[in-house]
Amino acid sequence: MAWFYAAEWPTFAPPLTLQALIPPVTYGPFPYHLALTTPSGAPLPLDRFRGRPFVVNLWATWCGPCRRELPMLDAAASRRGEVPILLADQGEAPATVTRFLTREGIGAGNVALDPDRRLSRAFEVAGYPATAFVAADGTIVQLQLGELSRAALADGIDKARKHR
């Protein structure tokens, strides 16, 4: 067995990067068949997003990182002509979500309720926030776990737009 003093510790060359040889990761098809509702209880068919890129953010009112990113996502979702962003609350009662949206000044127009957390199961995520970027052909091209920055949102949208 070899022992080294700190000054004698062997150095190793950095590993080679093989990114150019690895194909882009996709996460499968988007589950358009799942049933969501609006905060007022109306059905919200996910088929309305078919044929164009879009973003789905999974969140909950009790989630600190979700609460920090929601104003930015709501502002981005409200811009006309942009990629649609659906803010899908996971597992909470409509009254809880509505009170939160009102208190925080977040519009309900881009919010959906997923009371049974079907999107969480479909994406195989156990924590929030989680954001799926979906290409026009329905392929989930990126799944970001954790709080999203403006740059990460723009990057994910760009990937969804450019996917072929």
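The values are calculated or read from the model by the stated rules, or taken from the named source; none is laboratory data. This structure is a prediction, so every number in the text was calculated from the model and none was measured. All Cβ positions, glycine included, derive from the backbone under ideal geometry; neighbour counts span all protein chains shown.
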Does the range 29-47 contain at least one residue that is under 18 Å from ALA132 (Cα atoms), at pLDDT 95 or above and touching an Asp or Glu at 6+ places or on another chain (Cβ under 6 Å)? yes
Residue identified as within 22 Å of LYS159 (Cβ to Cβ) and either buried (at least 20 other Cβ atoms within 10 Å of the Cβ) or at pLDDT below 95 (or both) among VAL125, VAL111: VAL125
Any residue at all in the range 68-86 that's in contact with a Pro (Cβ under 8 Å, 6 or more places away or on another chain) and in a helix (DSSP H, G or I)? yes
Only listed residue being closer than 19 Å to GLY64 by Cα and surrounded by fewer than 21 Cβ atoms within 10 Å (Cβ to Cβ), chosen from GLU92, GLU82: GLU92
Just checking, does the range 56-78 include any residue being at pLDDT below 95, β-branched (Val, Ile, Thr), buried (at least 18 other Cβ atoms within 10 Å of the Cβ) and touching a helix residue (DSSP H, G or I) at 6+ places or on another chain (Cβ under 8 Å)? no
